[in-house]
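Here the structure comes first, spelled out in structure tokens, and everything after it is commentary.
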Amino acid sequence: MNPARHLVLVGPMGAGKTSIGRCLARHFGLDFADSDHEVEVRTGAGIPTIFECEGEAGFRAREREALAVLLAGPDAVLATGGGAVLDAGNRQLLADHGFVVHLRADVPAQLERLARDRSRPLLATGDREATLRRLAAERDPLYAEVADLAFDTRHLPAADAARRLAGLLESQWRREALGQPRPEPAA
């Protein structure tokens, strides 16, 4: 068991980090934060605009800052961007301050979930399937490296996935070890 103040969700785009994260936050009586949203708020621009103006490196620097701020803040369920694990410092920060859950989704599930999504800069050009396969090959080992728990979301709607994952977390995530009693689960 990894006692931690924050519950951190990592995984590829389309795995359900935001949708499942919101449900888990309600279940555990915690705030919900999304690192991509935090970058947008802090920057005053959308992620596609940041990528266009500053490139991926500029976005990753902003992401690193947002993660540090969020993990220094109040207890929360945190959904990270799919590439947050690319930075070794981010992986260390996540492992040091969170119980990390790798939400897994294979490429066919991602393609289905992202079919109408045009907001992802990394999917804006070329063959989406090839891009998702390349990202999976690069990132899956990093998700596994930082994760305390892996959970497959492929065949589950977000609410069902969150309910099942919450049940697993009840026995594996110990918030009370840090002197903070676990709130009663929401109905």
Placing unit charges on C-beta atoms (Lys and Arg positive, Asp and Glu negative, everything else neutral), compute the dipole magnitude of the chain about its Cα centre in debye, rounded to 20. 320
Just add up the charged neighbours of Asp106: K/R +1, D/E -1, any other residue whose Cβ is under 9 Å from the Cβ of Asp106. +1
Label zone at Arg164 (point 7 Å along Cα-to-Cβ), backbone N below 17 Å, region 101-117: 101-110, 113
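Label region 60-99 by shape, choosing from rounded, prolate and oblate, from the square roots a ≥ b ≥ c of the eigenvalues of the Cα gyration tensor; if a/c is under 1.5 it is rounded, and otherwise prolate applies when a/b is larger than b/c, oblate when it is not.
Details: a/c = 1.60, a/b = 1.39, b/c = 1.15.
Judged from the Cα gyration tensor, region 60-99 comes out prolate (a/c at least 1.5, a/b above b/c).
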Quick one: which residues, 5+ away or cross-chain, put their amide H under 5 Å from the amide H of Asp31? H built at 1.01 Å from N. Val77
Gyration tensor on Cα atoms of region 35-187, a ≥ b ≥ c root eigenvalues, a/c under 1.5 rounded, else prolate if a/b beats b/c, else oblate, says oblate
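Let me have the relative contact order for the chain, percent, based on Cα pairs under 8 Å that are six or more residues apart.
Values: 280 pairs, mean separation 74.2, N = 187.
Relative contact order, the chain: 40 percent.
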In whole angstrom, the spacing between the Cα centers of region 1-37 and region 81-152 equals 14
Length gained if Ala115 through Glu138 is fully extended, taking 0.36 nm per residue and subtracting the Cα-Cα distance, is 6.1 nm
Among Cys53, Cys23, which comes first, then next, by fewest other beta-carbon atoms within 10 Å? Cys53, Cys23
Starting from 0.36 nm per residue, how many nanometres of slack lie between Asp31 and Ala130 once their C-alpha separation is accounted for? 32.1 nm
Counting only the backbone N, which residues of region 103-123 are under 18 Å from the spot 7 Å out from the Cα of Thr49 toward its beta-carbon? 118-122
Which of Glu38, Glu138, Glu112 fluctuates most in a GNM of the chain (C-alpha springs under 10 Å)? That residue is Glu112
Highest to lowest packing among 58-64, 44-50, scored as the average C-beta count within 10 Å: 58-64, 44-50
Karplus-derived HN-Hα couplings along region 164-175 (A = 6.51, B = -1.76, C = 1.60, θ = phi - 60°), whole Hz, x at Gly and Pro: 5, 5, 4, x, 5, 5, 4, 9, 10, 10, 10, 6
Please find, in a Gaussian network model of the chain (springs between Cα atoms separated by less than 10 Å), the residue of Leu132, Leu70, Leu168 whose mean-square fluctuation is greatest. Leu168
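Read the figures in this text as sums done on the coordinates, not as results from a lab. Remember, it's a predicted structure, so these values are computed and weren't measured experimentally. Please note: Cβ atoms are built from the backbone with ideal geometry, for glycine as well, and neighbour counts cover all protein chains shown.
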